[in-house]
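Reading through the structure tokens given below for one structure.
The values are calculated or read from the model by the stated rules, or taken from the named source; none is laboratory data. Just so it is clear, the structure is predicted and the values come from calculations on it, not from any experiment. Positions of Cβ are backbone-derived with ideal geometry, glycine not excepted, and every protein chain shown enters the neighbour counts. We work out accessible area using only protein heavy atoms, side chains counted, and drop any ligands, DNA or RNA first. Shrake-Rupley method; radii C 1.70, N 1.55, O 1.52, S 1.80 Å.
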Amino acid sequence: MPALLRYLALLFLLVPCLVAAAEVKQSRNSETELFSWQVEDRGFSLELVQLHTDFVRAVYGARGFPPALIDGIAEYCVFGTIAINTSDAQLSYRVADWRYVTPDGEQHPLKTKTQWTTEWMKMGVPYNWSILPDDQTFEVGDWSQGFTTVRLPRESVFDLVYSWTVEGKTHVSRIEELRCAPEHLPER
Amino acid sequence: MSAESRNFAVHRSICQNVSRARRQLVLAALCLILVQPLAAQQVVPELGHTLTALPAPMSGASFTLQDTDEETHALNDYRGKVILLNFWATWCPPCRREIPSMERLYQLLKEEGFVVLAVNQWEDPDHVFAYLGQLEADPSFPILFDPESEVAKAYGVKGLPTTFLLDKDGKVRYRAVGGREFDHPEVVATIRRLLE
């Protein structure tokens, strides 16, 4: 492997360790007791909201989808996600470039919308919605909402390293100590 | 069509054949059960009003879709009018948030040659009908059904809601990705310029 390629590969592996954590606003819904995390950084706002498995099952169950499809996504740790262009220029992101980092330091790709819809198509369900789009180009004022999915058990803790591009410049940021939702809503 | 597709099509068909009254009752209950937690679990940011002008207006892809009364609407039927073409679904919180502003906008400008077409994605008409019945003001503009999302694909829609503003010649002039307050004075002024 040429030296430059080796250097770039090493740099790519190190990036999640080197990225500074962004200032995170964490809040908890008093009704559901679910946490959410919101970061606004260099023209991009990203918010992740814990979702209960029961809720995820209900969303897909209400569409009449087969149990295998519902079980498939219910195995994942799912977050409601809101991505907003808060800059005054065009902005883009690619979920394929984002990584979640587990406490052992390992980095993992998120399962993308294309991967989900390909899987659902094989089950005979040509459904193309609900997951955060893989990549988007936002003009001023544009934003998007959808699920992001991480293959981790309930209540797992991890960091998210994500990137976006504004005016040709790519930025990378990190949200530390995100936590997957517990199995069920608290009993009252 | 694969065996799985056939099974799912049969499953969907069976669902669609259950009596309408019973389904509406069940779906209204489902809406209460599912949509309320959804509202509690998902947050919607304040809606803005920015529309992006396309650098080069392009012809809107033609379509023919049915509405809630199973009446057919073709894009060409609205040639000569300015069209707000909105892609939405009932499970999408910002879609639900922006519907009242679309209704207010429609009431304000419908006599001037303006129409709203709200194209629902992938949902059963009975489900949508039950949802609309819960709204404070039932939308008076056409709600159309795009059951396989073919029209959304033709317009390159990646996420919901996405909205396009078409001029009187059927050309797409503006786009908005994400929810908006459509009756904002700046949006009204933009539409009035297209109506001139």
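Taking the range A:169-188, which residues are more than 14 Å from A:Phe35 (Cα to Cα) and at pLDDT 95 or above?
Once the filter is applied, which keeps residues that are more than 14 Å from A:Phe35 (Cα to Cα) and at pLDDT 95 or above, the range A:169-188 yields A:Lys169, A:Thr170, A:His171, A:Val172, A:Ser173, A:Arg174.
Considering A:Ala68, A:Ala83, which residue is open to solvent by less than 10 Å² (accessible area, probe 1.4 Å) and either under 12 Å from the mean Cα position of the chain (by Cα) or within 10 Å of chain B (Cβ to nearest Cβ) (or both)? Full working, then the answer.
Numbers: A:Ala68 fails: open to solvent by less than 10 Å² (accessible area, probe 1.4 Å).
The conditions single out A:Ala83.
Taking the conditions exactly as written (touching a strand residue (DSSP E or B) at 6+ places or on another chain (Cβ under 9 Å), open to solvent by 10 Å² or more (accessible area, probe 1.4 Å) and under 19 Å from A:Asp142 (Cα atoms)), does B:Arg175 satisfy them or not?
Working: touching a strand residue (DSSP E or B) at 6+ places or on another chain (Cβ under 9 Å): yes; open to solvent by 10 Å² or more (accessible area, probe 1.4 Å): yes; under 19 Å from A:Asp142 (Cα atoms): yes.
Judged against the criteria, B:Arg175 is a match.
Kindly evaluate A:Asp88 against the criterion of being in a loop (DSSP other than H, G, I, E, B), open to solvent by 20 Å² or more (accessible area, probe 1.4 Å) and either more than 14 Å from A:Arg174 (Cβ to Cβ) or within 12 Å of another protein chain (Cβ to nearest Cβ) (or both). Walk me through it before giving the result.
Numbers: in a loop (DSSP other than H, G, I, E, B): yes; open to solvent by 20 Å² or more (accessible area, probe 1.4 Å): yes; either more than 14 Å from A:Arg174 (Cβ to Cβ) or within 12 Å of another protein chain (Cβ to nearest Cβ) (or both): yes.
Yes.
Output the residue which, of all residues in the range B:154-184 that are charged (D, E, K, R) and within 19 Å of B:Trp91 (Cβ to Cβ), is farthest from the other protein chains (Cβ to nearest Cβ).
Within the range B:154-184, the match that is farthest from the other protein chains (Cβ to nearest Cβ) is B:Arg180.
Which ones in the range B:122-144 are within 14 Å of chain A (Cβ to nearest Cβ) and touching a helix residue (DSSP H, G or I) at 6+ places or on another chain (Cβ under 8 Å)?
Of everything in the range B:122-144, those that are within 14 Å of chain A (Cβ to nearest Cβ) and touching a helix residue (DSSP H, G or I) at 6+ places or on another chain (Cβ under 8 Å) turn out to be B:Asp124, B:Asp126, B:His127, B:Ala130, B:Tyr131.
Give the range A:91-108 a look and list any residue that's touching a residue at least 60 places away in the same chain (Cβ under 8 Å) and either part of a strand (DSSP E or B) or farther than 16 Å from A:Leu48 by Cα (or both), or say none. Full working, then the answer.
Applying the first criterion (touching a residue at least 60 places away in the same chain (Cβ under 8 Å)) to the range A:91-108 yields A:91-94, A:97-101, A:105, A:107.
Answer for the range A:91-108, where residues must be touching a residue at least 60 places away in the same chain (Cβ under 8 Å) and either part of a strand (DSSP E or B) or farther than 16 Å from A:Leu48 by Cα (or both): A:Leu91, A:Ser92, A:Tyr93, A:Arg94, A:Asp97, A:Arg99, A:Tyr100, A:Val101, A:Gly105, A:Gln107.
Among the numbered criteria (1) crowded, with 20+ Cβ neighbours inside 10 Å; (2) in contact with a strand residue (DSSP E or B) (Cβ under 6 Å, 6 or more places away or on another chain), which one does B:Val115 miss?
(1)
Is the range B:65-88 home to any residue that is within 14 Å of another protein chain (Cβ to nearest Cβ) and either modelled with pLDDT under 95 or part of a strand (DSSP E or B) (or both)? Explain how you work it out, then say what you get.
As a first pass, look at the range B:65-88 and keep what is within 14 Å of another protein chain (Cβ to nearest Cβ): B:87-88.
Now narrow it down to the ones that are either modelled with pLDDT under 95 or part of a strand (DSSP E or B) (or both): B:87-88.
Checking the range B:65-88: at least one residue is within 14 Å of another protein chain (Cβ to nearest Cβ) and either modelled with pLDDT under 95 or part of a strand (DSSP E or B) (or both).
Does A:Val161 meet the test of being open to solvent by less than 30 Å² (accessible area, probe 1.4 Å), under 17 Å from the mean Cα position of the chain (by Cα), more than 14 Å from chain B (Cβ to nearest Cβ) and of a type outside the set (Gly, Ala, Ser)? Walk me through how you get there before you give the answer.
Details: open to solvent by less than 30 Å² (accessible area, probe 1.4 Å): yes; under 17 Å from the mean Cα position of the chain (by Cα): yes; more than 14 Å from chain B (Cβ to nearest Cβ): yes; of a type outside the set (Gly, Ala, Ser): yes.
Here the answer is yes, as A:Val161 does meet what is asked.
Looking at B:Ala152, is it touching a residue at least 12 places away in the same chain (Cβ under 8 Å) and either more than 12 Å from the chain's Cα centre (by Cα) or part of a helix (DSSP H, G or I) (or both)?
Numbers: touching a residue at least 12 places away in the same chain (Cβ under 8 Å): yes; either more than 12 Å from the chain's Cα centre (by Cα) or part of a helix (DSSP H, G or I) (or both): yes.
Yes: the conditions hold for B:Ala152.
Take the range A:109-138 and flag every residue that is assigned to a strand (DSSP E or B) and either within 11 Å of chain B (Cβ to nearest Cβ) or buried (at least 16 other Cβ atoms within 10 Å of the Cβ) (or both). Show your work before the answer.
Restricting attention to the range A:109-138, the residues satisfying the condition of being assigned to a strand (DSSP E or B) are A:109, A:111, A:131, A:135-138.
Within the range A:109-138, A:Lys111, A:Ile131, A:Asp135, A:Gln136, A:Thr137, A:Phe138 qualify.
Identify the residue in the range A:164-186 that is part of a strand (DSSP E or B) and without any contact (Cβ under 8 Å) to a residue 12 or more places away in the chain and, among all such residues, is surrounded by the most Cβ atoms within 10 Å (Cβ to Cβ).
Initially, the range A:164-186 is screened for residues part of a strand (DSSP E or B), giving A:164-166, A:169-179.
Pick out the ones that are also without any contact (Cβ under 8 Å) to a residue 12 or more places away in the chain and you get A:169-170.
Numbers: A:Lys169: 10, A:Thr170: 12.
Here the residue is A:Thr170.
Quick check on my filter: what residues within the range A:51-79 are touching a Gly at 6+ places or on another chain (Cβ under 8 Å) and touching a residue at least 60 places away in the same chain (Cβ under 8 Å)?
Hit for the range A:51-79 is A:Leu51, nothing else.
Taking into account only those residues within the range A:139-151 that are more than 7 Å from chain B (Cβ to nearest Cβ) and buried (at least 18 other Cβ atoms within 10 Å of the Cβ), which is nearest to A:Arg179 (Cα to Cα)?
First, the residues of the range A:139-151 that are more than 7 Å from chain B (Cβ to nearest Cβ): A:147-151.
Narrowing further to those that are buried (at least 18 other Cβ atoms within 10 Å of the Cβ): A:147-150.
Values: A:Phe147: 15, A:Thr148: 13, A:Thr149: 12, A:Val150: 11 Å.
My answer is A:Val150.
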